Amino acid sequence: SAPRYDATLWRATALPLLVVSAVEALFDKTGVLVLGLIGNNQDAGVYALVFNISLLVLLPRTAIDTLFAPMIARLYAEGRRDDLHAAALRGALLSFLAGLAIAAALAVVAAPLLAWFGAVFEGGVDALRLLLLAQPLHHPAQQLARAADTQAACELTRCPLVGHKHGQHFALRPLPDP
């Protein structure tokens, strides 16, 4: 059947999605805010830079999610749960491998990269390498855990997982009874 736009559903979910996005933005900046509030403005600047550089590891995940989204939606609409599960696992693996490659490349050039911003930023090399290690491990691990549990979660809650951002899934409406 042809897709249809449900304006009422989107209006009902817009505010919760906005709140989640706002809280996520605040959460992403918590480290910088805390360092700034306790008076370590220089450390806050270094942390902000290394944190933002480490987020480059997430670019493949965004690209892969964008590529896989139509296929995931189609598989879900067709009720092909096993194929949906396999596609989600494949996407998580691709995200992990691509993120790991970017993390490794950035870890190798961390010192000269940060030195390019100034001598004060050279002190952030270890923090950058730690964040680069954490990013590819954290996000695909969430994806794999959710992919492994997606079918069970959908059956248990009777809700499709139809959107996500940074590993957060939103159930927008109940599934019809079989």
Indicate the gyration tensor shape class of the stretch 1-138 (rounded, prolate or oblate), computed on the Cα atoms with a ≥ b ≥ c the square roots of the eigenvalues: a/c under 1.5 is rounded; otherwise a/b larger than b/c is prolate and the rest oblate. oblate
Can you send over the solvent-accessible area of Thr8, 1.4 Å probe, protein chains only, in Å² to the nearest 10? 90 Å²
How much net charge surrounds Val120 when only other residues with a Cβ under 15 Å from its Cβ are counted (Lys, Arg +1; Asp, Glu -1)? -3
Asp126 paired with Ala7, simple spin-label distance in nm, labels 7 Å along Cα-to-beta-carbon: 5.8 nm
Within the stretch 1-77, which chymotrypsin sites (Phe, Trp or Tyr not before Pro) sit in a loop by DSSP and count at most 16 neighbouring Cβ atoms inside 10 Å? Tyr5
Restricting attention to the stretch 31-94, which trypsin sites (Lys or Arg not before Pro) occupy a DSSP loop and are surrounded by at most 14 other Cβ atoms within 10 Å? Arg80
List, in order, the whole-Hz ³J(HN,Hα) value for each residue of the stretch 96-111 obtained from phi through the Karplus relation with A = 6.51, B = -1.76, C = 1.60 and θ = phi - 60°; use x for Gly and Pro. 4, 5, 5, x, 5, 4, 5, 4, 5, 4, 5, 5, 5, 9, 4, 4
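The values are calculated or read from the model by the stated rules, or taken from the named source; none is laboratory data. Predicted model only: the values in this text are computed from it and were never measured. In this analysis, Cβ positions are derived from the backbone assuming ideal geometry, glycine residues included, and neighbour counts consider all displayed protein chains. In case anyone asks, the SASA skips ligands and DNA or RNA and just uses the protein heavy atoms, side chains included. Shrake-Rupley method; radii C 1.70, N 1.55, O 1.52, S 1.80 Å.
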